[in-house]
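Peer 1: What follows is a structure written as structure tokens; I'll ask about it next.
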Amino acid sequence: MAREHRERRDRVERESEFTDKLVHINRVAKVVKGGRRFGFAALVVVGDEKGRVGFGHGKAREVPEAIRKATDAAKRGLIRVPLREGRTLHHDVAGRHGAGRVYLRAAPPGTGIIAGGPMRAVFETLGMQDVVAKSLGSSNPYNMVRATFDALKRQDSPRSVASRRNIKVSALQARRREGGEVEAQAD
């Protein structure tokens, strides 16, 4: 009895570490003999505000059930995104899905989240504080969220780049600083 209660409490604590945001609800109608039958599709973004985020899509006859299904799907598909200083991106990146294209840019402290609706939900649940984002092409929330996730998956941290090249992170950072000074002198 005590063990079951403890397991249930642990499961609730694990679930509560995530924040979820409802991005979009779509009502669809199926015409049947007696009239129309309504169903709902929900798009939800879930994150722990520490660098993990996921999105999910759920369909059901009732809105709460659709949201629950979408939230479960989002928790199953979490990705980890490396953040610089826990607040912004390491480098500018582009992502696309279908006709939706997004551009994400790293921003200095105090900038805030400058992004449209569906992208803003992704950044808030991810725990990002400073980012500038632009969406081009499709304004469909599903495509915008998928394009944003495509861009976030392309994000690389200096540590992972250094390990791929078999060099130290400090050597990589030194090259970056040298390159910035060279560009500044050229002007």
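The values are calculated or read from the model by the stated rules, or taken from the named source; none is laboratory data. Nothing here was measured: the structure is a model prediction, and the numbers come from that model. Note that each Cβ is placed from the backbone with ideal geometry, even for glycine, and that neighbours are counted across all protein chains shown. Protein only, heavy atoms only, side chains kept; ligands, DNA and RNA dropped before computing areas. Shrake-Rupley method; radii C 1.70, N 1.55, O 1.52, S 1.80 Å.
Peer 1: Looking only at region 14-56, filter to residues that are under 14 Å from V122 (Cβ atoms) and open to solvent by 70 Å² or more (accessible area, probe 1.4 Å); which one of those is modelled with the lowest pLDDT?
Peer 2: E49
Peer 1: Pick out the one residue from R96, R76, R87, R101 that is exposed (fewer than 15 other Cβ atoms within 10 Å of the Cβ) and of a type in the set (D, E, K, R).
Peer 2: R76
Peer 1: When you scan region 8-102 for strands (runs of 3 or more DSSP E) that lie fully inside it, which ones turn up with 1 or more residues that are over 20 Å from the mean Cα position of the chain (by Cα)?
Peer 2: Where strands (runs of 3 or more DSSP E) fall fully within region 8-102 and carry at least 1 residues being over 20 Å from the mean Cα position of the chain (by Cα), they are 19-32, 35-47, 52-60.
Peer 1: Next question, about the same structure. Taking region 113-162, which residues are under 12 Å from the mean Cα position of the chain (by Cα), of a type in the set (A, V, I, L, M, F, W, C) and within 15 Å of R84 (Cα to Cα)?
Peer 2: F123, L126, M128, L152
Peer 1: Under 8 Å between Cβ atoms, at least 6 apart or on separate chains: pull out the pairs that start in region 41-59 with a residue that is closer than 19 Å to R27 by Cα and end on any residue that is aromatic (F, W, Y) and crowded, with 23+ Cβ neighbours inside 10 Å.
Peer 2: L43/F55; V44/F55; V45/F55
Peer 1: Being closer than 19 Å to T88 by Cα and free of Cβ contacts under 8 Å to residues at least 24 places away in the same chain: is that true of A115 here?
Peer 2: On the way: closer than 19 Å to T88 by Cα: yes; free of Cβ contacts under 8 Å to residues at least 24 places away in the same chain: yes.
Yes; evaluated as a whole, the condition is true for this residue.
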